[in-house]
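In what follows, a structure is listed as structure tokens, so that the remarks can point back to it.
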Amino acid sequence: AQRVTQPEKLLSVFKGAPVELKCNYSYSGSPELFWYVQYSRQRLQLLLRHISRESIKGFTADLNKGETSFHLKKPFAQEEDSAMYYCALSGDAGGTSYGKLTFGQGTILTVHP
Amino acid sequence: SAVISQKPSRDICQRGTSLTIQCQVDSQVTMMFWYRQQPGQSLTLIATANQGSEATYESGFVIDKFPISRPNLTFSTLTVSNMSPEDSSIYLCSVPHRFHGYTFGSGTRLTVV
């Protein structure tokens, strides 16, 4: 069974400080990993996916298959980064779980001025 | 990425009644997904809705309680039947996008009294 774990429910940092939101996963094949963000009163939106290997709003995430992790990082946090962040996993293409997202419990990030 | 219109955005319903939630996508998609987010919890997949076939339900969800229609490639409905207070949740639809991951509707916040 696939599982996503976000160990921190709440994370607080000051503006300009580095931030890392942790995500670990369990999956037997080659998963696709995502980070989604939900700002206050807005819909859930994609922040990053591991296959694109791009940086969005200064955030990066590297898939570490050895540690089964997909941690989200930003070197200098901004107040507008305050939001709920979800790590999610989808099974590999052709598998029965392809397209079905399994979400972690989410981490509420608060960036203080 | 696809744009999803979901309605209603919220509703307060009496126990024992049913509510139908609609999702309209601005492009044709083969797969649509329905999720539930219970208070304080993460998102859980309810079912996968493919056009022209019966929806596929995840463990713990049954068609009698959550009937789904998928009459064409741009539209789907989820009905929450015979509601109880335990059904109070946010319900979301989602569609996959080849390059942008998965897009979500704005959600329907359901309160059962």
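With a 1.4 Å probe and every protein chain kept in, tell me what percent of the accessible surface of the protein assembly as shown is carbon plus sulfur.
Carbon-and-sulfur percentage of accessible area, whole number: 49.
Below 15 angstrom from the Cβ of residue A:15, what's the summed charge of the other residues (Lys, Arg +1; Asp, Glu -1)?
Result for the neighbourhood of residue A:15: -1.
Net charge within 13 Å of residue A:113 by Cβ-Cβ distance, Lys/Arg positive one each and Asp/Glu negative one each, not counting residue A:113 itself?
-2
Out of all DSSP beta bridges with both ends in chain B, state the antiparallel percent to the nearest 5.
The antiparallel proportion sits near 90 percent.
Can you pull out the GluC sites (Glu not before Pro) in the stretch A:26-113 whose DSSP state is coil and whose Cβ has at most 12 other Cβ atoms within 10 Å?
A:54, A:67
Given charges of +1 on the Cβ of Lys and Arg and -1 on the Cβ of Asp and Glu, with all other atoms neutral, how large is the dipole of the protein assembly as shown about its Cα centre, in debye to the nearest 20?
The dipole of the protein assembly as shown has a size of about 220 debye.
Going by amide H atoms built from the backbone, whose H comes under 5 Å of the H on residue B:103, apart from near neighbours?
Residues meeting the criterion, in which the H sits 1.01 Å from N, are B:95, B:97.
Go through the stretch B:39-113 and name the chymotrypsin sites (Phe, Trp or Tyr not before Pro) that are in a DSSP coil and have 12 or fewer other Cβ atoms within 10 Å of their Cβ.
Sparse-neighbourhood loop chymotrypsin sites (Phe, Trp or Tyr not before Pro): B:99.
Please list, in order along the stretch A:18-35, the HN-Hα scalar couplings obtained from phi with the Karplus expression 6.51 cos²θ - 1.76 cosθ + 1.60 (θ = phi - 60°), rounded to whole Hz, x for Gly and Pro.
So the J values, rounded to whole Hz, are x, 9, 9, 9, 8, 8, 10, 9, 10, 6, 7, x, 10, x, 10, 10, 9, 10.
Amide H of residue B:63 versus every other amide H placed in the peptide plane: which residues, excluding those fewer than 5 positions away on the same chain, fall under 5 Å?
Close amide H contacts, sequence-distant or interchain: none at all.
Among B:113, B:78, A:26, pick out the residue whose Cα is farthest towards the positive end of the charge dipole of the protein assembly as shown, where Lys and Arg carry +1 and Asp and Glu carry -1 on C-beta, about the Cα centre.
The residue sitting farthest along the positive end of the dipole is B:113.
Just add up the charged neighbours of residue A:59: K/R +1, D/E -1, any other residue whose Cβ is under 11 Å from the Cβ of residue A:59.
0
Shielding of B:43-56 by partners, i.e. mean partner chain Cβ atoms within 10 Å per residue?
2
Give me the dipole magnitude in Debye, nearest 20, for chain A about the Cα centre, with unit charges on the beta carbon: positive for Lys and Arg, negative for Asp and Glu.
Value, rounded to 20: 180 debye.
Counting DSSP beta bridges with both partners in chain A, what percentage is antiparallel, nearest 5?
85
From the phi angles alone, apply the Karplus equation (6.51, -1.76, 1.60; θ = phi - 60°) to the stretch A:65-82 and give each ³J(HN,Hα) in whole Hz, x where the residue is Gly or Pro.
5, x, 9, 6, 10, 8, 6, 9, 9, 8, x, 9, 6, 10, 4, 6, 7, 4
Let me spell out the model: positive unit charges on the Cβ of Lys and Arg, negative unit charges on the Cβ of Asp and Glu, origin at the Cα centre of the stretch A:10-67. What dipole size does that give, in debye rounded to 20?
Around 280 debye, computed over the stretch A:10-67.
Tell me, for the protein assembly as shown, which Cys residues have no other cysteine's C-beta sitting closer than 4.7 Å.
B:13
Can you list residues from other chains, or at least 5 along the same chain, whose modelled amide H is less than 5 Å from the amide H of residue A:105?
A:6
Taking loop as defined by DSSP and a crowding limit of 14 other beta carbons within 10 Å, which chymotrypsin sites (Phe, Trp or Tyr not before Pro) in the stretch A:17-70 fit?
Here the chymotrypsin sites (Phe, Trp or Tyr not before Pro) that fit, given the DSSP loop and packing criteria, are A:39.
Could you go through the stretch A:44-52 in sequence order and give the Karplus-derived ³J(HN,Hα) for each residue, using 6.51 cos²θ - 1.76 cosθ + 1.60 with θ = phi - 60°, rounded to whole Hz, and x for Gly and Pro?
5, 9, 5, 9, 8, 10, 5, 6, 7
The values are calculated or read from the model by the stated rules, or taken from the named source; none is laboratory data. From a predicted model like this one, the values you see are computed outputs, not experimental measurements. A quick note on method: Cβ atoms are made from the backbone with ideal geometry, for glycine too, and the neighbour counts reach across all protein chains shown. What goes into the accessible areas is simple: the full protein's heavy atoms, side chains included, and nothing from ligands, DNA or RNA. Shrake-Rupley method; radii C 1.70, N 1.55, O 1.52, S 1.80 Å.
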